[in-house]
Amino acid sequence: MVSTDNERRRDLVVAFITPVPRPEPDAVPIAPTPGDGLKVPSLVRCDKLATLDQGIIAGRLGTAESGWLSGSRNAFFAVFGFGYP
């Protein structure tokens with residue numbers, strides 16, 4: 001999930017995650033850790049976002065580590081043509 005779960009809105013923004021290793025300029029590798037719920041090394045596709053209603057979300061698989069999140073900011077913001085915030 002890219003957006004924060006909050007009471008103000010019922011929709012969430014999510015990024016696609018794939019275990020298929022292929023060179024993508026807007027994909028960020030993420031390794032499986034006990035906290036993120038991944039089983040295999042994967043890629044988070046910053047260019048593949050979707051908005052979903054909270055009602056169809058079954059639950060949380062895990063949370064990416066803060067170091068991964070801060071290291072991925074450049075790729076995420078570059079998709080939209082923004083510089084590093």
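Derivation of every value follows stated rules applied to the coordinates shown; laboratory data play no part. Computed from a predicted model, the values in this text were never measured in an experiment. Heads up, the Cβs are rebuilt from the backbone with ideal geometry, glycines too, and the neighbour counts pull from every protein chain shown.
Annotations for the structure displayed:
- Under a 5 Å amide H cut-off, with hydrogens placed 1.01 Å from N, Asp36 pairs with Thr63 among residues at least 5 apart or on other chains.
- Here the alpha carbons of the chain define both size measures, Rg and Dmax, at 13.1, 37 Å.
- Helical runs assigned H by DSSP (4 residues or longer) give the chain a calculated mean residue ellipticity at 222 nm of -3500 deg cm²/dmol, each run adding -39500 (n - 2.57) before division by the residue total.
- Loop-located trypsin sites (Lys or Arg not before Pro) across segment 1-60 with a Cβ neighbour count of 16 or fewer within 10 Å are Arg8, Arg9, Arg10, Lys39, Arg60, with loop assigned by DSSP.
- Residues in segment 49-59 carry Karplus couplings, in order, of 10, 9, 9, 10, 6, 4, x, 9, 7, 6, x Hz; the curve used is 6.51 cos²θ - 1.76 cosθ + 1.60 with θ = phi - 60°, and Gly or Pro positions show x.
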